[in-house]
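*Asks:* I have a structure here, written as structure tokens, and I will follow up with some questions on it.
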Amino acid sequence: MFSHVTVGCGDLNRAALFYDAVLAPLGLVRRTVTPDGGPAAACWITPGQALPRFYVYEPFDKKPASVGNGSMVAFLAPTPAAVDRAHAAGLAAGGTDEGAPGARPHYGDGYYGAYLRDPDGNKVHVVCRDDLLPA
């Protein structure tokens, strides 16, 4: 459904270190971004797949990056243990806790997730969705 998702940042190196830490336990890797005249960016993909992509950009308009109230990016984890590792890695890489890893049965049986804020304040959710696996 999605081609890519983008969040803004004020310090691309800091943001890239945070997302490298959070996304590695989920099997995502950073890919090279070819300069295209736009702002500097970092990008992550699933190995062997061109899309979807997750980007962190310095804002095109050169104004400070800001977060949207109610905006969140959710990354799919293969296991609850990967959620735990991603959350811990994000905290160690400068993120802040917005909800410790754990079951969230109000979202569905087998729903296990954690919430973070990246160093720029963007809300990040890491979730294992065993509630959607075929029976």
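The values are calculated or read from the model by the stated rules, or taken from the named source; none is laboratory data. Since the structure is predicted, the reported quantities are computational estimates derived from the model, not experimental observations. Cβ coordinates were reconstructed from backbone atoms using ideal geometry, including for glycine residues, and neighbour counts include every protein chain displayed. Quick note on the areas: whole protein, heavy atoms, side chains included, nothing else; ligands and nucleic acids left out. Shrake-Rupley method; radii C 1.70, N 1.55, O 1.52, S 1.80 Å.
*Asks:* Please report, in debye to the nearest 20, how large the charge dipole of region 1-126 is about its Cα centre when each Lys and Arg carries +1 at its beta carbon and each Asp and Glu carries -1 there. Each step should come with its number before you reach the end.
*Replies:* On the way: 10 positive and 11 negative charges, 27 e Å.
For this selection, approximately 140 debye.
*Asks:* Longest span of the chain, sites excluded, free of chymotrypsin sites (Phe, Trp or Tyr not before Pro) in DSSP loop with at most 13 other C-beta atoms within 10 Å?
*Replies:* Details: sites that count: F2, F60.
The segment 61-135 is the longest one with no such site.
*Asks:* Kindly express, to the nearest 10 degrees and within the range 0 to 90, the angle between helix 12-23's C-alpha long axis and the longest C-alpha principal axis of the chain.
*Replies:* Between helix and principal axis, roughly 20 degrees.
*Asks:* Can you pull the percent of the chain's accessible area that's carbon plus sulfur, 1.4 Å probe, other chains left in place? Don't skip to the end; give the middle numbers.
*Replies:* Values: 4260 of 7580 Å².
Within the chain, the accessible surface is 56 percent carbon and sulfur.
*Asks:* Show me, bin by bin at 5 Å from 0, the whole-percent P(r) of the chain based on Cα pairs.
*Replies:* Final binned percentages: 2, 11, 19, 23, 21, 14, 6, 3, 1, 0.
*Asks:* Compute the long axis of helix 80-92 from its Cα atoms, compare it with the longest principal axis of the Cα atoms of the chain, and write down the angle in degrees, 0 to 90, nearest 10.
*Replies:* 40
*Asks:* Still on this model: Give the accessible surface of region 1-122 per residue, rounded to a whole number of Å², with probe radius 1.4 Å and ligands, DNA and RNA excluded.
*Replies:* Working: 6820 Å² over 122 residues.
In whole numbers, region 1-122 has 56 Å² accessible per residue.
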